[in-house]
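The values are calculated or read from the model by the stated rules, or taken from the named source; none is laboratory data. These figures come from a predicted structure and were not determined experimentally. We place every Cβ from the backbone using ideal geometry, glycine too, and count neighbours over all the protein chains shown. Please note that ligands, DNA and RNA were not included when accessible areas were found on the heavy atoms of the full protein model with its side chains. Shrake-Rupley method; radii C 1.70, N 1.55, O 1.52, S 1.80 Å.
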Amino acid sequence: MASGFCNTCSQLLKEFADHLRSAWRELEIKIKEAFREIGRCNCFRISSERRTAFDLPSLRLNCDNETQLLSQESLQTLNKLATSENTDLQMTSAMYYLHLSHHLNCPLPDAFMEPIVALLLSSDLDVQKTVSLALVNLLLKNNVCKELVIEMGMLVPIIELFRSGDPTAQCHSCACVAMLASSESNQDSLMVDGIIPLLALAKSFDPKVQRNATWALLHLTQSDWSTRLLCQAGAIPVLLLLLQSSDSEVQFYSCTALCNISAIHEHHPRLLRIGGHYLSRSLLTLMSSPVKKNSAQACRCLQTLSKNVLIQDQLMELDCVLPLKALLKTSTSVWIESALTLLSTLSAHPSNTDILVSEGLLEEIGQVLHHPRSNSVIVTYSCKIITNLCTSHVGEQAVMESLCLPGLLCALVSNTLSDETLLHVTSCLHHLMACDVLRTKLSATITSEKVSGLVKLSEQIRNSQLAYNSAAIISELEMTEEMIRLLKPHYTSISKYLLGFLKKKDVKFQQLSVVTIFNLKKDGDFSSLLTNSELKVQLLKVHAQTEETRQLLQMIQPLSPSPVNSGLSQ
């Protein structure tokens, strides 16, 4: 051979080369099969997913740039990690969403919702807790559409977390449900499967779980339909028990929910069905709470229920005045309004007046009228209560000894009160003028500023009843020397509005004008002003018309058929 090998060696080398080629082909096939199997294995895929996760800058949790956080690359990676079978990688995705929920200031694109669904369906509870917390944050900040959350089927795994037995998972899922329930369009979906588990969680020993479950129940009482289903499912006893919770937020949520329920009259029988005055007693206990927002909310609930006479009787039996007086002494107008609203309802019933007066309520009302934050609502209800309670000698005496009269007079010259409120003020004062001792006190204490205020209200024409009430007060003022001194500068204005009253067709205005003139004539200066005035001319015309009417009635009366002849029974 040219190679210098003998035939035997050449043959051996040729056989070795053939064998080596054959062995290599077999090795190549085995290597390919081995890598193919490795490629199919989770280990290899996880390694690839890890590289994808950690090589992607936008998934580093120190990144706050929204453009980077919401990039297409981030979305693709999130989808891979969320659907991975490795729970560590799922947690990476869940942590990303938690980071996103803290830093996102714009709506989350709909495409980014898909990985959340996958993570909520994870078999790992820690992943579910993390992503459900992220969802709570996103819902709180309105970064995601509540309706879309329902449409994408997230409600089922959220409600499943109720049954997890893990307080943190239950807390997050209840918060999600509460946020979703705040949208009325979602309440139908929530009611199907959510009521019974929520009621069970509301009785949880974990305060956070209980708080969020009660919060969710509160949101479900904001529509008539869902409220009805809640009551049928037994929510009322649960909410009543929650009034006694050691958590003030739970108390507030449960009381507000009961307030919403009590606003619908059809639920009153269910509310009252619990015996032993339990409802009234529980709300009164809460009304004595040092947490004033809870106290005021309990008061609102009782005010709604107080339309029921049975509740009124229970409240008076349970000595409701003391906690109500405590609310009147607070510095918050809304809480004062709540107490006054309920007291107004209670004072409207004559059987309650003596008790309310004996409890010193009028003294507190006088203080309230001088409150620096007194407003139209406070003044209006104060007037109603004073009018209701001043129906006996005891009530009149209590008004005398209180600051009610000065408070009402101060309200006359307030620049912040509406005509409607001033109508209540003047009506109350006119009512008090019927009492001799109160009329004397008012006449003795009224100031020049208050007299000017009454005259201005009497001559205004935008509200005729307000003008009538104000003029009626002036007509009954005792004409002492001091009163004459106060009224004298206003005689011209008074004469003007009295002339207007005489020209009205309404007889009550004419009569008021006559009574006022008769009272003011006790001052010689007014009598002199009246002489040869247009007011006197108009007064004589009214007198003539009245006399003519009287004579006509006398002429007509004999012609009137008797009750027997007309077929009418006596």
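Scanning segment 424-446 for residues that are in a helix (DSSP H, G or I) and among the aliphatic types (A, V, I, L, M) yields V425, L429, L432, V437, L438, L442, A444. Segment 269-345 holds helices (runs of 4 or more DSSP H) entirely within its bounds, and those carrying 3 or more residues that are within 17 Å of Q251 (Cβ to Cβ) map to 278-287, 292-305, 321-328.
Give the number of residues within segment 454-492 that are assigned to a helix (DSSP H, G or I) and open to solvent by less than 40 Å² (accessible area, probe 1.4 Å). Walk me through how you get there before you give the answer.
Keep residues of segment 454-492 that are assigned to a helix (DSSP H, G or I), which gives 454-459, 464-475, 481-492.
Now drop any that are not open to solvent by less than 40 Å² (accessible area, probe 1.4 Å), which leaves 454-455, 457-458, 466-467, 469-475, 483-484, 486-487, 490-491.
Of the residues in segment 454-492, 19 are assigned to a helix (DSSP H, G or I) and open to solvent by less than 40 Å² (accessible area, probe 1.4 Å).
Cβ separations smaller than 7 Å between residues 6+ apart or across chains give the following pairs from segment 66-86 residues that are open to solvent by 10 Å² or more (accessible area, probe 1.4 Å) to residues that are hydrophobic (A, V, I, L, M, F, W, C) and not in a helix (DSSP H, G or I): E66/L104; E66/C106; E73/L56. In this structure, I355 qualifies as modelled with pLDDT under 95 and assigned to a helix (DSSP H, G or I).
Meeting the requirement of 2 or more residues that are farther than 21 Å from P207 by Cα and modelled with pLDDT under 85, the helices (runs of 4 or more DSSP H) wholly within segment 144-187 are 146-151, 155-160. Considering only residues of segment 7-30 that are open to solvent by 70 Å² or more (accessible area, probe 1.4 Å) and hydrophobic (A, V, I, L, M, F, W, C), which is modelled with the lowest pLDDT? For segment 7-30, the residue satisfying everything is L27.
Against the test of being open to solvent by less than 40 Å² (accessible area, probe 1.4 Å), under 23 Å from A213 (Cα atoms) and aromatic (F, W, Y), the options F112, F162 yield a single qualifying residue, F162.
Within segment 376-419, the set of residues being open to solvent by 50 Å² or more (accessible area, probe 1.4 Å), assigned to a loop (DSSP other than H, G, I, E, B) and either under 18 Å from K329 (Cα atoms) or modelled with pLDDT of 95 or more (or both) comprises just one member, L403. Which of the residues belonging to segment 329-375 are of a type in the set (A, V, I, L, M), more than 16 Å from I311 (Cα to Cα) and open to solvent by 10 Å² or more (accessible area, probe 1.4 Å)? Result: V334, I355, V357, L369. Regarding segment 312-322, can at least one residue be identified that is of a type outside the set (D, E, K, R), out of contact with any His (no Cβ under 8 Å at 6 or more places or on another chain) and open to solvent by 50 Å² or more (accessible area, probe 1.4 Å)? Checked segment 312-322: at least one residue is of a type outside the set (D, E, K, R), out of contact with any His (no Cβ under 8 Å at 6 or more places or on another chain) and open to solvent by 50 Å² or more (accessible area, probe 1.4 Å).
Of everything in segment 272-288 that's surrounded by fewer than 20 Cβ atoms within 10 Å (Cβ to Cβ) and touching a residue at least 24 places away in the same chain (Cβ under 8 Å), which residue is farthest from T214 (Cα to Cα)?
Looking only at segment 272-288, we keep the residues that are surrounded by fewer than 20 Cβ atoms within 10 Å (Cβ to Cβ), and these are 272-278, 281, 285, 288.
Checking which are touching a residue at least 24 places away in the same chain (Cβ under 8 Å) leaves us with 272, 274, 277-278, 281, 285, 288.
Details: L272: 21, I274: 20, H277: 23, Y278: 20, R281: 21, T285: 19, S288: 21 Å.
Here the answer is H277.
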